[in-house]
Amino acid sequence: MEAFFKGLEKQLSAQLELELTIANVFPVSGGDINQAFRVATNGSTYFIKRNSATRFPGMFEAEAKGLELLRGAECIAVPKVLGTGEVEQEAWLALEWIERGGKLPDKGREFGTQLAQLHQTTQAQFGLDHPNYIGSLPQNNRAHADWVEFFVRERLEPQLQMAFDEGLADRSLAAAFERLFSKLDHLFPVEAPALQHGDLWGGNYLSDANGKAWLIDPAVYFGHREMDLGMTLLFGGFDQGFYEGYQAASSLEKDWRERTPLTQLYPLMVHLNLFGTSYLGQVEAVLRRFA
């Protein structure tokens with residue numbers, strides 16, 4: 001067995017206080033960033049993520065905190081975190097194994113209701129008590145009392161600076177962002193800070209054998225709840241029942257869909273920095289519309 005899994009076996013056994021022996025390791029899909037495995041042991045089966053501890057310091061520890069925060073809201077299914085660690089500069093995260101199933105059409109409304117309940121978890125300020133990641137990019141979460149201040153300082157400005165440094169944005173794009181910043185106070189309705197998944201596209205939830213939705217791969221923080229909803233509409237994967245369930249549980253402002261491109265600007269900038277200029281046109285379109 002590869003040395004990494006030998007080390008994992010020892011560390012996970014210690015953290016769970018079990019004598020685990022790994023029987024089989026199966027590679028599974030785990031997104032674009034991490035290696036992922038179904039690891040069967042003499043005791044149970046686990047989902048294991050693996051990545052470089054030096055390239056992404058603290059990434060799995062932050063993800064574990066985020067999953068536990070979502071799980072602690074006790075309104076939506078989230079895999080249990082079983083451990084984190086490092087084996088020879090390779091970081092790992094262990095979660096309970098969720099057997100995937102088909103997406104049942106009657107579960108979308110329930111999922112939307114549960115997300116609305118999650119968003120009712122609040123705190124005094126926007127942000128989080130620690131930084132984390134969105135994809136492979138660091139995500140600042142310094143606290144602000146005002147949503148627009150948080151959105152500008154901790155979300156848009158860092159991504160714009162990153163794009164400028166990498167030659168993906170020019171001064172005209174920066175000027176358009178400055179015009180947008182001056183108008184944001186009048187564009188967002190006032191909302192209390194809401195616990196967010198933070199990266200809620202169709203690939204970041206899974207359905208189990210009963211069709212129940214489970215949240216995975218979060219980038220959590222307390223933010224404006226329309227941010228999560230905007231992300232669900234960026235790449236698809238959510239049916240109409242999802243939005244009906246959300247609205248029935250917690251109504252949104254009537255014009256919330258008109259702001260959807262604005263709430264998608266942050267993930268679009270993330271994708272610009274991760275994948276290049278193919279996303280620049282969408283960013284410019286949002287800026288033309290709102291700035």
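The values are calculated or read from the model by the stated rules, or taken from the named source; none is laboratory data. Computed from a predicted model, the values in this text were never measured in an experiment. Counting neighbours? That spans all protein chains shown, and the Cβs are built from the backbone with ideal geometry, glycine included.
Tally the residues that are in contact with a Ser or Thr (Cβ under 9 Å, 6 or more places away or on another chain) and crowded, with 19+ Cβ neighbours inside 10 Å, restricting the search to the range 200-216.
2
For the range 194-205, does any single residue satisfy the condition of being in contact with a strand residue (DSSP E or B) (Cβ under 6 Å, 6 or more places away or on another chain) and at pLDDT below 95?
yes
Every residue in the range 71-111 that is of a type in the set (A, V, I, L, M, F, W, C), in contact with a Pro (Cβ under 7 Å, 6 or more places away or on another chain) and assigned to a strand (DSSP E or B), please.
Result: Leu95, single match.
Using beta carbons and a limit of 7 Å, which pairs, at least six apart or on different chains, have the first residue in the range 235-254 and within 15 Å of Arg225 (Cβ to Cβ) and the second one aromatic (Phe, Trp, Tyr) and not in a loop (DSSP other than H, G, I, E, B)?
Hits for this filter: Phe242/Phe111; Gly245/Phe111.
Could you pull out the residue among Ile22, Ile33 that is surrounded by 14 or more Cβ atoms within 10 Å (Cβ to Cβ) and within 16 Å of the chain's Cα centre (by Cα)?
Numbers: Ile22 fails: within 16 Å of the chain's Cα centre (by Cα).
The match here is Ile33.
Yes/no per residue for (1) closer than 17 Å to Gln282 by Cα; (2) out of contact with any Asp or Glu (no Cβ under 9 Å at 6 or more places or on another chain); (3) not assigned by TED's automatic domain parsing to the domain that holds Ile216:
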| position | (1), (2), (3) |
| --- | --- |
| Glu166 | no, yes, no |
| Ser172 | yes, yes, no |
| Ala176 | yes, no, no |
| Ser182 | no, yes, no |
| Asp185 | no, no, no |
| Ala194 | no, no, no |
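Do we find a residue being touching a helix residue (DSSP H, G or I) at 6+ places or on another chain (Cβ under 8 Å), among the charged types (D, E, K, R) and outside the structural domain of Leu200 (by TED's automatic domain parsing) anywhere in the range 2-17? Give the steps one after another, and end with the answer.
Residues of the range 2-17 that are touching a helix residue (DSSP H, G or I) at 6+ places or on another chain (Cβ under 8 Å), as a first pass: none.
No, the range 2-17 contains no residue that is touching a helix residue (DSSP H, G or I) at 6+ places or on another chain (Cβ under 8 Å), among the charged types (D, E, K, R) and outside the structural domain of Leu200 (by TED's automatic domain parsing).
Just checking, which of Arg50, Arg38 is at pLDDT 95 or above, surrounded by fewer than 18 Cβ atoms within 10 Å (Cβ to Cβ) and in contact with a strand residue (DSSP E or B) (Cβ under 9 Å, 6 or more places away or on another chain)?
Arg38
Looking at Glu61, Glu68, can you tell me which residue is within 15 Å of the chain's Cα centre (by Cα), acidic (Asp, Glu) and either assigned to a strand (DSSP E or B) or closer than 20 Å to Leu206 by Cβ (or both)?
On the way: Glu61 fails: either assigned to a strand (DSSP E or B) or closer than 20 Å to Leu206 by Cβ (or both).
Residue meeting the stated conditions: Glu68.
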